[in-house]
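Since every read-out is calculated from the coordinates, none of them should be taken as a lab result. Owing to the predicted nature of the structure, the values given are computational and were not obtained by experimental measurement. Ideal geometry is used to build each Cβ from the backbone, glycine not excepted, and the neighbour counts take in all protein chains shown.
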Amino acid sequence: MLAVAVLAAGKGTRMKSDLPKVLQPLAGATLVERVLASCLPLAPQRQLLIVGHQAERVERSLSNLPGLEFVLQEPQHGTGHAVQQLLEPLAGFQGELLVLNGDVPLLRPGTLEELLAKHRSSGAAVTLLTARLADPTGYGRVFADEQGLVSGIVEHRDCSEEQRRNTLTNAGIYCFDWAKLAAVLPLLSTDNNQGELYLTDTVAMLSPAMHLEVADPDEINGINDRLQLAQCEAVLQERLRRHWMAEGVSFTDPASCTLSEGTRFGRDVLVEPQCHFRGNTTIGNGCRIGPGCLIENSSLADGVEVLYSVLRDSTVEESSVVGPFAQLRSGAHLEAGCRIGNFVEVKNSRLGAGVKANHLSYLGDADLGANVNVGAGTITANFDGLRKHRTVIGAGSKTGANSVLVA
Ligand code: UD1
Ligand code: MG
């Protein structure tokens, strides 16, 4: 049996934020969502989240996840105190407990599988994840011999100068034999620099204690401040861009573009500099995007071109051309071969195939048939001060410049 516990009760003082640290967003998902997602492939029998600081807010943000048990830690006296709160809900539980800090969002699921496999095959009382960091400042240092046997962990603040030179770093990810951990949890003391109960102190009380060193130290980046948040975002963005380049997307200036995890690209897409893809966005084969676009929760079919434009909650069918300087927003739907030009805004409207609106227009709450030619400066006046009304323009129609169509 496997139980997973994620520690998410801390305030995150170093963030200097009103938002609890574990709710800080990273490429469109919160830190805690990312940590929970990384252990899902292990199919744990129990999933516990330790909440404390702004507990209700953290719980609310995860209310869509089934099977998650929330355990309250109040007040918060450290990571060891957090895990002590599990003594009651896990009373009688037999098996492994995987403990994850809620601020370590870049773990790969495969790494956790490896940790669990190593723990099970070695029969250790605890197996923890480590990495050699070039700059381990702030992290706990792990003391281990060549065989991988760990004698203990010392927090950065409690280390001597000599101990600080040890670069073997504690990731904050541990696989425990639950019964053995439960026996030593009550023995923790607050005899340290922060006067807290440290989970890390249980490691010296358990034998044998082993560690697994990860090959990619980025995986164990813990986020305590805004600088580390930005560094993790950069690592994630780099992973996403590399993934899509391997799938056949070209970026002329990759570092200037950002992607969300929910963005999907077809083949032979060209992404020019300064393009940002957010939410659930799909880009079809052979599209040409940018420079200078923001595309959020939108779906673009094959062969679409977008230049210096903003698209949100919109659908664009094959071979349409958008921009420069156009805005498509909530519920804009362009059928195939449309041409939306500069300073044209489209909202909650369906434009039939081949519609052209090339200059200075607002098309809101409108239905345009195929091949309508919208003259420069055509405006649909949809709002009478109280309600919005629809404008309907039949296929093949043509409006003159500077027309206001009052719905
Ligand atoms: C911790 C480890 C350190 C390790 C580092 C890895 C301890 C004592 N130290 O330090 O060895 O190198 O993580 O990132 O464990 N939390 C609670 N309740 C509390 C305190 C914290 O749930 O009372 C949660 C926090 O919300 C956070 C996690 O535990 O998600 C880690 O806490 P944090 O204060 O960030 O520990 P570090 O100083 O980073
Ligand atoms: Mg931390």
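For the range 227-247, check the following and say yes or no: at least one residue is assigned to a loop (DSSP other than H, G, I, E, B) and either under 30 Å from the mean Cα position of the chain (by Cα) or within 16 Å of ligand 2 (Cβ to nearest atom) (or both).
Looking through the range 227-247, at least one residue is assigned to a loop (DSSP other than H, G, I, E, B) and either under 30 Å from the mean Cα position of the chain (by Cα) or within 16 Å of ligand 2 (Cβ to nearest atom) (or both).
Restricting attention to the range 4-25, and to residues there that are more than 28 Å from Glu96 (Cα to Cα) and more than 12 Å from ligand 1 (Cβ to nearest atom), which single residue is nearest to the chain's Cα centre (by Cα)?
Pro25
Just one of Gly95, Gly67, Gly28, Gly102 is within 10 Å of ligand 1 (Cβ to nearest atom) and not hydrophobic (A, V, I, L, M, F, W, C); which is it?
So the residue among Gly95, Gly67, Gly28, Gly102 that is within 10 Å of ligand 1 (Cβ to nearest atom) and not hydrophobic (A, V, I, L, M, F, W, C) is Gly102.
Take the range 287-317 and flag every residue that is surrounded by fewer than 19 Cβ atoms within 10 Å (Cβ to Cβ), over 16 Å from Cys275 (Cβ atoms) and either touching a residue at least 60 places away in the same chain (Cβ under 8 Å) or over 23 Å from the mean Cα position of the chain (by Cα) (or both).
Asp302, Thr315
Considering only residues of the range 186-200 that are crowded, with 21+ Cβ neighbours inside 10 Å and either away from ligand 2 (no atom under 16 Å from the Cβ) or polar (S, T, N, Q) (or both), which is farthest from Pro89 (Cα to Cα)?
In this case the residue turns out to be Thr200.
Restricting attention to the range 119-137, which residues are within 16 Å of ligand 2 (Cβ to nearest atom) and farther than 11 Å from Asn170 by Cβ?
Answer for the range 119-137, where residues must be within 16 Å of ligand 2 (Cβ to nearest atom) and farther than 11 Å from Asn170 by Cβ: Asp135, Thr137.
Hey, Glu146 hits all of (1) away from ligand 1 (no atom under 15 Å from the Cβ); (2) buried (at least 22 other Cβ atoms within 10 Å of the Cβ) but one; which does it fall short on?
(2)
I need every pair where a residue in the range 182-202 that is without any contact (Cβ under 8 Å) to a residue 24 or more places away in the chain has its Cβ under 8 Å from the Cβ of a residue that is within 13 Å of ligand 1 (Cβ to nearest atom) and assigned to a loop (DSSP other than H, G, I, E, B), sequence separation at least 6 or different chains.
Ser189/Leu197
Restricting to the range 88-105, what's the tally of residues that are buried (at least 21 other Cβ atoms within 10 Å of the Cβ) and not in a strand (DSSP E or B)?
Of the residues in that region, 5 qualify.
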